[in-house]
Amino acid sequence: MINTPLNMTEEKLAALIAVSRFKAPATAWIRGAKVLQLYTGELLEQHVVLYDDRIAYVGEKEPMTDSNTHIIEAEHFILTAGYIEPHAHSFQMYNPRTLGEYALARGTTVLLHDNLPFFLQLQQQEMEELIEALAVMPIKNFWWARLDPQVGEAEMTRKFEPDRVKRTLHNPAVLQAGELTYWKELIDGDPSMIALMLEARRAGKRIETHNPGASVETLNAVAAAGATGCHESINAEEVMRRLRLGYYATLRHSSIRPDLAELVKGLLALGCSSWDRMMLTTDGSPPFFLGTGFIDDCIRIAIEAGLDPVAAYRMASLNPAVYYGLDQELGGISPGRIADIVFLEDLRNPTPVKVMAGGRIVAEQSTLKSPFPEVEWSRYGIGASAMMKPVVQPEWFEVSAINERVPVIELANAVITRNRPEKLPLNDGKVQLSELPGYLYVALLHRHGEWITTGVMKGFGEFDALACTYSLSGDLVILGRDPVQMAKAANHVLEHQGGICLLHNGELRFDLALPLLGTMSTLKMEELIDETGRFFNLMREGGYLFADPIYSLLFISATHLPKVRLTSKGVLNVGDGSILLPSRRLK
């Protein structure tokens, strides 16, 4: 079953057929364009004839028209199908509405959204009503259903109750399950994960996994369990490894893996000649990384890396449409399909001059003709997260040394950490960092103030205090060198019921409200690109060395990643499950 906006009535189908047979007037006629036929790879001069939101005819014959037919002169344009983003984390400071506006203006006409924060923080009915509300947007919104929470906390795991996950999987707007981060539990035989995977397969959903650097043996086992796709290839050989095992491989250009060009070049060097089981994604990159575009930017990078343009456009539209079973509706310019069409000046420039969605021109020169309908977020349970009162004290951030060596959490890159036990200055058993450049106190503070986990982090830079509610666990992440300023920063975001702020030398250097579930702003994407870009620059000035401080903050509590994370129990060694420093109760 297809999502509601794509449904067809008998009356509409009869009218569509009549237009296709030149027995009824077209509602729109795109005249004389060059059409990139993704099915054959040809570039043909053709007319594209519409009835309402559907393509009725593609060919050389002129349609029947009347005074109501909208004629679009397109002699100087190349037309191709609207782009599809198959892997959108639409809560990375933007929200589904603002991301959709930005994406559509640049030619992406379909988004597949991660449901994780909505599943965790909303009631099932609220989440389903949100899905329905977003279904009427000019961009087409589909979803994935998580089978695990990415964070090994009992209160989050409990929410993945089998009946609720089953109900989500059977929602017609949900096209896939995943991405699987509890894949090891699955292949080790965990009964609950096996049951959820089987339910996803019975529901007829694609299943995406999260297996960076995985061996052939691991990929075999995960595929045997039902996985059909993976977006985590980190080099060309890993892409080929997945393709040989029957996976679809989604190539990403993201803030933490900006390696699409190298993947394409590597695949070409390996002699890859079959690209029909590959797709493109921005993988939920934060706003500052999207300033140069969205899926259009991915197409451009792939072409500049040497990929044939036809293959690049197929990876952005036809391939994902086929993968998700939508190719009867989307993914190409052909009769019966939804008229999601981008107008290009040159195949090597995939940022469109015009964008048509559902048979209407909705954007020109990367600007929407009209904004999306407003979303009454509170109606769906989306607002300020319930948090503790702003009563955080400086002494909460003390780090006690259990042994002679303190487990220092060192950033290896934007998301991977290492455990580096070191001898650090102590005063009455408490770690003192004032004379150590490059070291910060780090804390995960329970959003209701029940506990705090503290530790020492290296590689995040040097600043007095940073606090944010932007975390996978939904708790507060606080870093800094000055516990007094850290308490002030934490209380600031608590007072504003969600956000991120940076304090240094007594000055509030950065302050961004995140009023929607503590992770999303209501600002337009262009404003967020500027604001998060400023945050990135401030962090680099403060000594942060890696690609994305926003993802670094998000993943401090992510127990699906190596090697050290902050949890409700304490500083966790992910590899063996041991607690390196215990948490402290505050209530």
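The values are calculated or read from the model by the stated rules, or taken from the named source; none is laboratory data. Computed from a predicted model, the values in this text were never measured in an experiment. With ideal geometry, Cβ positions are generated from the backbone for all residues, glycine too; neighbour counts draw on all protein chains shown.
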So Pro562, is it at pLDDT below 95 and either within 22 Å of the chain's Cα centre (by Cα) or crowded, with 20+ Cβ neighbours inside 10 Å (or both): yes
Residue list for the stretch 142-169, restricted to those being hydroxyl-bearing (Ser, Thr, Tyr) and surrounded by 19 or more Cβ atoms within 10 Å (Cβ to Cβ): Thr168
Subset tally (residues that are under 28 Å from Val574 (Cβ atoms) and of a type in the set (Asp, Glu)) for the stretch 531-557: 1
Residue satisfying condition, being in contact with a Gly (Cβ under 7 Å, 6 or more places away or on another chain) and in the same structural domain as Thr109 (by TED's automatic domain parsing), within set Asp259, Asp283, Asp276, Asp296: Asp296
Output for the stretch 213-259, where each listed residue is small (Gly, Ala, Ser), under 23 Å from Leu175 (Cα atoms) and assigned to a loop (DSSP other than H, G, I, E, B): Ala225, Gly226, Ala227, Ser233, Gly246, Ser254
Unique residue being among the small types (Gly, Ala, Ser), under 25 Å from Ala465 (Cβ atoms) and crowded, with 18+ Cβ neighbours inside 10 Å when the list is Ala414, Ala384: Ala414
Residue satisfying condition, being out of contact with any helix residue (DSSP H, G or I) (no Cβ under 9 Å at 6 or more places or on another chain), on the phi < 0 side of the Ramachandran plot and in the same structural domain as Tyr551 (by TED's automatic domain parsing), within set Glu398, Glu422: Glu422
Strands (runs of 3 or more DSSP E) contained in the stretch 369-478 and holding at least 3 residues within 20 Å of Lys569 (Cβ to Cβ): 406-411, 417-422, 439-445, 451-458
Residue that is nearest to the chain's Cα centre (by Cα) [pool: residues in the stretch 9-61 that are assigned to a loop (DSSP other than H, G, I, E, B) and at positive phi]: Gly41
Selection count where residues are in a strand (DSSP E or B) and either not aliphatic (A, V, I, L, M) or not assigned by TED's automatic domain parsing to the domain that holds Ala547 (or both), scope the stretch 479-500: 2
Selection within the stretch 434-443 - touching a residue at least 24 places away in the same chain (Cβ under 8 Å) and either surrounded by fewer than 20 Cβ atoms within 10 Å (Cβ to Cβ) or not assigned by TED's automatic domain parsing to the domain that holds Phe546 (or both): Ser434, Pro437, Gly438
Selection status of Glu75, in a strand (DSSP E or B) and over 29 Å from the mean Cα position of the chain (by Cα): no
Residue ID - nearest to Ala81 (Cα to Cα), chosen from residues in the stretch 331-361 that are aliphatic (A, V, I, L, M) and outside any strand (DSSP E or B): Ile333
Residue under evaluation Ile234, criteria (1) buried (at least 19 other Cβ atoms within 10 Å of the Cβ); (2) within 30 Å of Thr519 (Cα to Cα), criterion not met: (1)
Considering residues of the stretch 170-181 that are out of contact with any Gly (no Cβ under 9 Å at 6 or more places or on another chain) and surrounded by fewer than 24 Cβ atoms within 10 Å (Cβ to Cβ) only, the residue farthest from Ile338 (Cα to Cα): Thr181
Count of residues meeting criterion [under 25 Å from Ala316 (Cβ atoms), β-branched (Val, Ile, Thr) and surrounded by 23 or more Cβ atoms within 10 Å (Cβ to Cβ)] in the stretch 18-55: 5
Check on Asn427, surrounded by fewer than 22 Cβ atoms within 10 Å (Cβ to Cβ), touching a residue at least 24 places away in the same chain (Cβ under 8 Å) and not acidic (Asp, Glu): no
Condition met for Leu326 (of a type in the set (A, V, I, L, M), within 28 Å of Arg481 (Cα to Cα) and under 24 Å from the mean Cα position of the chain (by Cα)): no
Pairs with Cβ under 8 Å, 6+ apart, first in the stretch 301-315 and closer than 15 Å to Ala269 by Cβ, second surrounded by fewer than 20 Cβ atoms within 10 Å (Cβ to Cβ): Ala302/Ala261; Ala305/Ala261; Ala305/Glu262; Ala305/Lys265; Ala305/Leu268; Gly306/Lys265; Gly306/Leu268; Leu307/Leu268
Residues (closer than 23 Å to Val391 by Cβ and crowded, with 24+ Cβ neighbours inside 10 Å) located in the stretch 464-473: Ala465, Leu466, Ala467, Cys468, Thr469, Tyr470, Ser473
Those residues of the stretch 151-178 which are within 26 Å of Gly325 (Cα to Cα), out of contact with any Leu (no Cβ under 9 Å at 6 or more places or on another chain) and not in a helix (DSSP H, G or I), in sequence order: His170, Asn171, Pro172, Val174
Residue in the stretch 478-492 that is among the polar types (S, T, N, Q) and on the phi < 0 side of the Ramachandran plot present: yes
The listed residue being of a type outside the set (D, E, K, R) and under 13 Å from Met315 (Cβ atoms), out of Leu263, Leu268: Leu263
Candidate set: the stretch 535-587, residues that are out of contact with any His (no Cβ under 9 Å at 6 or more places or on another chain) and among the β-branched types (Val, Ile, Thr); chosen: the one farthest from Ser255 (Cα to Cα): Ile579
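Rundown of residues vs (1) of a type outside the set (A, V, I, L, M); (2) on the phi > 0 side of the Ramachandran plot; (3) surrounded by fewer than 24 Cβ atoms within 10 Å (Cβ to Cβ), yes/no style:
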site	(1), (2), (3)
Glu238	yes, no, yes
Ala261	no, no, yes
Leu267	no, no, no
Asp276	yes, no, yes
Gly291	yes, no, yes
Phe294	yes, no, no
Asn319	yes, no, no
Residue tally, condition among the β-branched types (Val, Ile, Thr) and part of a helix (DSSP H, G or I), over the stretch 262-294: 1
Any hit, the stretch 199-209, residues being in contact with a Cys (Cβ under 8 Å, 6 or more places away or on another chain) and under 19 Å from Phe555 (Cβ atoms): yes
The stretch 317-334 residues that are free of Cβ contacts under 8 Å to residues at least 40 places away in the same chain, paired with ones that are of a type in the set (Gly, Ala, Ser) and outside any loop (DSSP other than H, G, I, E, B) (beta carbon under 8 Å, 6 or more apart): Asp327/Ala321
